[in-house]
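The values are calculated or read from the model by the stated rules, or taken from the named source; none is laboratory data. Treat the numbers as computed from the prediction; the structure is a model and nothing was measured. Methodologically, a virtual Cβ is constructed for each residue, glycine included, from the backbone with ideal geometry; neighbour enumeration extends over all protein chains shown.
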Amino acid sequence: MSKSESQFRAGFVSFVGRPNVGKSTLTNALVGEKVAITSSKPQTTRRAIRGIVHAPDGQLIIVDTPGMHRPRTLLGERLNSIVQTTLGDVDVIGLCLPANEKIGPGDRYINEQLDSFPRAKKVAIVTKIDASSRPGVAEQLQAVSELRDWDAIIPISSFDKVQLDILSTELIKLMPVSEPLYPDDAVTDETTEERISELIREAALEGVSDELPHSIAVTIDDMIESTTKDLLEIYANLFVERDSQKGIIIGRGGERLQDVGARARAEIEKLVGRQVFLSLRVKVAKEWQRDAKQLGRLGF
């Protein structure tokens, strides 16, 4: 029986929710590979990253967007417009609400925003059920069901991989009948270079103070395959907005930058499957988040 005869379904889903409700972790867990970087810092995701989930009866394309927020800079406005454009195009929007935190004003604000996207079906995903008791999960499911008339409500744990199969089955059921949209072996439409620069940014975000994450951008100057040994040489730049931030990233005696390099290299080697030489230079691009020309140069 061909895929079309068996009612194969394929389409786009986007997960929304407050910072740190587990959207990127969920994307990676469903895809089975790290396609979206994760961090405890809000606004970690900056692009609409596509992760692809393959099932016998369908294909899910997960668009992991920057979080919905009230913007304070030109970068913030651009991230918001990515969210608006993406959510206007997807087939299903999944609102992620953690099982271990009461529904708050941020969740209600995002739930209200979903009315602006009438085309998409709406699913509630109660995340982090491993971090709550059974009665706590039951109570949260009841509270979530009162927010709106959902197409489905699914409790999951990305960490323990609980009910992820049920989530992907339910999401596929809500997709339109369609041929597969990506080849069977695709896990993302991000280029290797984009994924590498994100892994460097993820390593740089680790342990920095709250105002700094937004100020970090990464560009790749060069990637050179070594002709003599199985080695990939990567030359990258870490951009910040002020000299004081440059000092924070580099750390005393260059210690912090070495740590960032070591962490990033370990993740990049997993991705490319070979040894990596990574050269990182820290540069200052004054107030780049507010400067249209610099935003363009840094890829936003």
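Counting only residues that are over 10 Å from ILE62 (Cβ atoms) and among the polar types (S, T, N, Q), which one in segment 25-49 is modelled with the highest pLDDT?
THR25
Within segment 261-273, can one find any residue that is closer than 16 Å to LEU298 by Cβ and touching a strand residue (DSSP E or B) at 6+ places or on another chain (Cβ under 6 Å)? Outline the logic, then answer.
Within segment 261-273, the subset closer than 16 Å to LEU298 by Cβ is none.
Looking through segment 261-273, none of the residues is closer than 16 Å to LEU298 by Cβ and touching a strand residue (DSSP E or B) at 6+ places or on another chain (Cβ under 6 Å).
One line per residue, one yes/no per condition, for (1) at positive phi; (2) at pLDDT 90 or above; (3) of a type outside the set (A, V, I, L, M); (4) out of contact with any Pro (no Cβ under 7 Å at 6 or more places or on another chain):
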{"residue": "ASP57", "(1), (2), (3), (4)": "no, yes, yes, yes"}
{"residue": "GLY67", "(1), (2), (3), (4)": "no, no, yes, no"}
{"residue": "GLY88", "(1), (2), (3), (4)": "no, no, yes, yes"}
{"residue": "VAL92", "(1), (2), (3), (4)": "no, yes, no, yes"}
{"residue": "ASN111", "(1), (2), (3), (4)": "no, yes, yes, yes"}
{"residue": "ILE129", "(1), (2), (3), (4)": "no, yes, no, no"}
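If TYR109 passes every condition in (1) in the same structural domain as ALA29 (by TED's automatic domain parsing); (2) over 21 Å from the mean Cα position of the chain (by Cα) but one, which one does it miss?
Checking TYR109 against (1) in the same structural domain as ALA29 (by TED's automatic domain parsing); (2) over 21 Å from the mean Cα position of the chain (by Cα), the one that fails is (2).
Would you confirm whether or not segment 172-188 contains a residue that is closer than 30 Å to MET223 by Cα, part of a helix (DSSP H, G or I) and under 17 Å from the mean Cα position of the chain (by Cα)?
No.
Do you know which of the residues in segment 4-24 that are hydroxyl-bearing (Ser, Thr, Tyr) and surrounded by 21 or more Cβ atoms within 10 Å (Cβ to Cβ) is modelled with the lowest pLDDT?
Applying the first criterion (hydroxyl-bearing (Ser, Thr, Tyr)) to segment 4-24 yields 4, 6, 14, 24.
From the residues that got through so far, the ones that are surrounded by 21 or more Cβ atoms within 10 Å (Cβ to Cβ) too are 14, 24.
Values: SER14: 90, SER24: 80.
In this case the residue turns out to be SER24.
Could you please give the count of residues in segment 213-256 that are farther than 23 Å from GLU287 by Cα and of a type in the set (Phe, Trp, Tyr)? Let's see the steps before the verdict.
Looking only at segment 213-256, we keep the residues that are farther than 23 Å from GLU287 by Cα, and these are 222-235, 252-255.
Adding the requirement that they be of a type in the set (Phe, Trp, Tyr) leaves 235.
Total satisfying the criteria: 1.
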